[in-house]
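Presented below is the structure to which this report refers.
The values are calculated or read from the model by the stated rules, or taken from the named source; none is laboratory data. Owing to the predicted nature of the structure, the values given are computational and were not obtained by experimental measurement. Neighbour counts are summed over all protein chains in view; Cβ atoms, including those assigned to glycine, are modelled from backbone coordinates with ideal geometry. Protein only, heavy atoms only, side chains kept; ligands, DNA and RNA dropped before computing areas. Shrake-Rupley method; radii C 1.70, N 1.55, O 1.52, S 1.80 Å.
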Amino acid sequence: MAMALALRRLSSSVDKSIRPRFNGGSLYYMSSLPNEAVYEKEKNGVPWPKQLNAPLEAIDPEIADIIELEKARQWKGLELIPSENFTSVSVMQAVGSVMTNKYSEGYPGARYYGGNEYVDSSLTPWLCFFIIFLLLMVVYIDMAETLCQKRALEAFRLDPEKWGVNVQSLSGSPANFQVYTALLKPHERIMALDLPHGGHLSHGYQTDTKKISAVSIFFETMPYRLNESTGYIDYDQLEKSATLFRPKLIVAGASAYARLYDYDRIRKICNKQKAILLADMAHISGLVAAGVIPSPFDYADVVTTTTHKSLRGPRGAMIFFRKGVKEINKQGKEASCSDVLYDYEDKINQAVFPGLQGGPHNHTITGLAVALKQATTPEYKAYQEQVLSNSSKFAQSLVQRGYELVSGGTENHLVLVNLKNKGIDGSRVEKVLESVHIAANKNTVPGDVSAMVPGGIRMGTPALTSRGFVEEDFAKVAEFFDAAVHLALKIKKETTGTKLKDFVATLQSPHFQSEVAKLKHDVEEYAKQFPTIGFEKETMKYKI
């Protein structure tokens, strides 16, 4: 009883001591800070607590200035990289909170640090109080992680009796590798979408002569590809290849595929091969959470996702896994746990910790919990619906201007432009876009022979939609893109060398800088009309 009362009192005092503070336009959380006189009266009078409680602007003006410059870039530019987004103030508050201070190897209720298990009643009151304080730190960390797991299942409308989730993975590529090492033996076989056809490095990319991804070193990988005439995944060829290759796991996921996955078809292929279906929904998880595109959870055994793309949370990852009964025995009754229950949970959790990670990033998990709560709101669903509408309008506007899109259009948040019919490559167009304050990335398209000089540009709508862009704004963005491509063609025509550095030298010449400056001005003036996310314009240092 006395211990419970002490816990409640300590909890109350901790809650009351934390409040928001504003300094120089930067929002951060800290306990009430003592003034100079109090510092002098503190026991021992050591100097470092004062430094530790000083704001960033006072401690490191160089880094503070870099952050201000990045604010200006985000405000004045057009962010079109589909894997990027602008997360909310509330998420950033959680990520920048005291939750970064606690180490907590293990999982809720099973942490690995000493002093977490019990409090001996024979201890002195002060030592008892100290141990209670340590326990409370772990209790709060457990509360945050458990709440994050609960919200993850709720955000994707999952039954906790049938699905579990690990929220400790640090990012998407490690999450995928953790699944492979949990469920496969070394050198067992994986099939995934080929990187030049829209896949991702973490799915095991290799060339004819080199294993690029570490996944292809520890496991045997074979790609499936698009039908180059349609731009859609060639499921018929995938099925034929799977019959010959006999994979243990097939990945359904992409980083540059503008169409929806046929999860039902891949599930049937997996069933024939008795293969695990891993759905990597890193790019589309926000759309899935909002229910605006089909969910992979109806078909997949395991689902991975990053948390900072369309989901719009902090930079982290999650691994979802099936649990409970896998099959029903021939008598029509649920068979015993030994042969028909999913066994993914312990294997995946052990692969994350202690297999491939140490202590989790508690501040990220806390921020993710906030983002997942937002993902269940009406505003979030409206946002994701707008992401799709904007992407459709963007694709339509590009086609009207004579651009060829891989697969002919889009059904999700991104477009992949094939520039070959324009007579220029993605690397050169990317350089011009960057010079006029448009962020997009070069990308391979079917038929490319070099990843260094790819034929395409990949663009997406999540980030600018977060800033309030709607359909008519993306028609304007298409106009800016078209102007940049035409400028790139002019520069290419007057470039004497054939290398990218020759093109860049011509771009930077005085002859073209006036055109670059005019287009950049138009882009920035348009972008500056829209709200900033995560900070207020009034607090910015650089507003020109």
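Computed quantities for the displayed model
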{"read-out": "The stretch 201-256: GluC sites (Glu not before Pro) falling in loop per DSSP and having at most 15 other Cβ within 10 Å", "value": "GLU228"}
{"read-out": "Computed [θ] at 222 nm, helices only, for the chain once each DSSP H run of length n ≥ 4 contributes -39500 (n - 2.57)", "value": "-13500 deg cm²/dmol"}
{"read-out": "Length-normalised contact order of the chain in % [C-alpha pairs under 8 Å, at least 6 apart]", "value": "20 percent"}
{"read-out": "For the stretch 271-305 and the stretch 469-509, distance of Cα centres in Å", "value": "37 Å"}
{"read-out": "Test item: Cα-centred dipole of the stretch 378-539, Lys/Arg +1 and Asp/Glu -1 on Cβ, debye", "value": "600 debye"}
{"read-out": "Convex hull volume per residue in cubic angstrom - Cα atoms of the stretch 455-513", "value": "111 Å³"}
{"read-out": "Listed residues VAL523, VAL470, SER407: farthest to the positive end of the dipole of the chain (Cβ charges)", "value": "SER407"}
{"read-out": "Cut-off 19 Å (backbone N to label point 7 Å along Cα→Cβ of GLU239), residues of the stretch 282-310", "value": "299-300"}
{"read-out": "Per DSSP, loop chymotrypsin sites (Phe, Trp or Tyr not before Pro) in the stretch 509-544 with at most 13 further Cβ within 10 Å", "value": "TYR542"}
{"read-out": "Dipole of the chain, positive end: most advanced residue of ASN101, SER90, PHE394 [Cβ charges, Cα centre]", "value": "PHE394"}
{"read-out": "Rg and Dmax of the stretch 191-344, Cα atoms only, in Å", "value": "16.4, 52"}
{"read-out": "Mean separation of Cα contacts under 8 Å (6+ apart) over length of the stretch 378-539, as relative contact order %", "value": "24 percent"}
{"read-out": "Listed residue pairs exceeding 26 Å between alpha carbons, taken from LYS268/LYS442; LYS268/LYS381; LYS248/LYS326", "value": "LYS268/LYS442; LYS268/LYS381"}
{"read-out": "Fraction of alpha-carbon pairs over 21 Å apart in the stretch 378-539 - percent", "value": "48 percent"}
{"read-out": "Accessible area of LEU433 in the full protein assembly, 1.4 Å probe (Å², nearest 10)", "value": "0 Å²"}
{"read-out": "Solvent-accessible surface ranking, highest first, for MET222, MET459 at 1.4 angstrom", "value": "MET222, MET459"}
{"read-out": "Loop trypsin sites (Lys or Arg not before Pro), the stretch 203-247, which have at most 13 other Cβ atoms in a 10 Å radius of their Cβ (DSSP)", "value": "LYS210"}
{"read-out": "Exposure ranking of ASP301, ASP65 by accessible area [1.4 Å probe, largest first]", "value": "ASP65, ASP301"}
{"read-out": "Dipole magnitude of the chain about its Cα centre (Cβ charges: Lys, Arg +1; Asp, Glu -1), debye to nearest 20", "value": "280 debye"}
{"read-out": "Carbon/sulfur fraction of accessible area - the stretch 378-539, other protein chains in place, 1.4 Å, %", "value": "52 percent"}
{"read-out": "Ranking by accessible area, most exposed first, for VAL352, VAL504 with a 1.4 Å probe", "value": "VAL504, VAL352"}
{"read-out": "Inter-site label distance for ASN44 and HIS511 at 7 Å from Cα along Cβ, in nm", "value": "6.8 nm"}
{"read-out": "Probe 1.4 Å, accessible area per residue of the chain, Å²", "value": "49 Å²"}
{"read-out": "35 Å tail of the calculated P(r), the chain, as % of Cα pairs", "value": "45 percent"}
